Amino acid sequence: MKKLMLFAALSVGYLSVINAQDISFGAKAGLNLASVSGDDTSGLDSRLSFHLGAVAELEISEKFSIQPELLYSSQGAKYEDSYTDFGFNITEKVVAKYDYLNLPIMAKYYIAEGFSIEAGPQIGVLLKAEADIDVTVSGQGVTQSESATENLNEFTKGIDFGLNFGFGYKLDNGLNFAARYNLGLSNINDGEGSDEFKNQNAVFQISLGYFFK
């Protein structure tokens with residue numbers, strides 16, 4: 001199913017290039033409000049991060065176009081917990097960071113001048129997965145903090161699949177704005193127990209872009 005989805009997405013992009021009446025190239029960057037959904041995620045908070053990369057818009061007709069993109073996207077989630085143990089106050093903070101090279105292929109339909117709704121599949125290649133861990137212990141006149149970074153690559157799948165949907169607005173001078181939600185479709189966990197414990201990426205994006213042509 002995943003291979004079929006990827007083939008369909010790439011085929012649409014290829015056929016669009018052939019049939020495109022006009023092609024515009026540009027760049028975009030913006031904010032991610034990223035989290036992880038699925039099993040045992042009730043205590044997770046969203047992580048504020050960013051994305052940036054290159055885009056192309058392939059005009060199929062006056063109302064319809066295809067927009068392939070190549071984006072570096074920093075994703076993940078945050079977790080914080082505080083508790084008391086043996087008379088000490090303990091605070092744990094964990095920031096999970098998943099960095100991807102994402103290839104979205106968006107179908108855009110212009111419902112008004114410059115204003116479009118968009119949807120399409122996305123494949124992501126994992127570049128790095130790690131967790132920043134901070135533990136603070138205080139009490140009885142003592143405060144001590146410890147920090148560490150744990151590599152999560154072996155516990156995270158190298159390929160991610162998702163579905164994007166959102167809207168955009170493009171000015172005549174090439175400046176454009178977009179808001180998008182990425183719904184993860186595949187389990188990001190790898191290794192022992194990953195078949196029973198499943199999580200997906202969930203990312204809301206706000207972007208500012210510019211088309212050079």
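The values are calculated or read from the model by the stated rules, or taken from the named source; none is laboratory data. Everything numeric in this text was worked out from a predicted model, so none of it was measured. Here Cβ is always computed from backbone atoms with ideal geometry, including for glycine, and neighbour counts include all displayed protein chains. Ligands, DNA and RNA are excluded from the accessible area calculation, which covers all protein heavy atoms including side chains. Shrake-Rupley method; radii C 1.70, N 1.55, O 1.52, S 1.80 Å.
Take the residues in segment 153-193 that are among the aromatic types (Phe, Trp, Tyr) and surrounded by fewer than 20 Cβ atoms within 10 Å (Cβ to Cβ); name whichever of them is nearest to LYS128 (Cα to Cα). Give the derivation first.
Filtering segment 153-193 for residues among the aromatic types (Phe, Trp, Tyr) gives 155, 161, 165, 167, 169, 177, 181.
Of the ones still in play, those that are also surrounded by fewer than 20 Cβ atoms within 10 Å (Cβ to Cβ) are 155, 165, 167, 169, 177, 181.
Details: PHE155: 11, PHE165: 25, PHE167: 29, TYR169: 32, PHE177: 28, TYR181: 22 Å.
In this case the residue turns out to be PHE155.
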Task: So ALA107, is it in contact (Cβ under 8 Å) with a residue 12 or more places away in the chain, touching a Gly at 6+ places or on another chain (Cβ under 6 Å) and either among the acidic types (Asp, Glu) or farther than 26 Å from THR41 by Cα (or both) - done: yes
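Scan segment 128-141 for residues that are free of Cβ contacts under 8 Å to residues at least 40 places away in the same chain and either at negative phi or surrounded by 11 or more Cβ atoms within 10 Å (Cβ to Cβ) (or both) and jot them down. Give the derivation first.
The initial filter retains those residues of segment 128-141 that are free of Cβ contacts under 8 Å to residues at least 40 places away in the same chain, namely 128-132, 141.
The answer is LYS128, ALA129, GLU130, ALA131, ASP132.
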TODO: Of the conditions (1) modelled with pLDDT of 85 or more; (2) open to solvent by 10 Å² or more (accessible area, probe 1.4 Å), ASN32 clears all except one; give me its number.
DONE: (2)
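Filter segment 42-87 for residues that are open to solvent by less than 60 Å² (accessible area, probe 1.4 Å) and over 17 Å from GLN205 (Cα atoms) and give the result.
Once the filter is applied, which keeps residues that are open to solvent by less than 60 Å² (accessible area, probe 1.4 Å) and over 17 Å from GLN205 (Cα atoms), segment 42-87 yields GLY43, LEU44, ALA56, GLU57, LEU58, ILE60, SER61, SER65, ILE66, ASP81, GLY87.
Looking at segment 173-190, can you tell me whether even one residue there is over 20 Å from the mean Cα position of the chain (by Cα) and modelled with pLDDT under 95? Break it down stepwise before answering.
As a first pass, look at segment 173-190 and keep what is over 20 Å from the mean Cα position of the chain (by Cα): 173-175.
Remaining after also requiring modelled with pLDDT under 95: 173-174.
Within segment 173-190, one or more residues are over 20 Å from the mean Cα position of the chain (by Cα) and modelled with pLDDT under 95.
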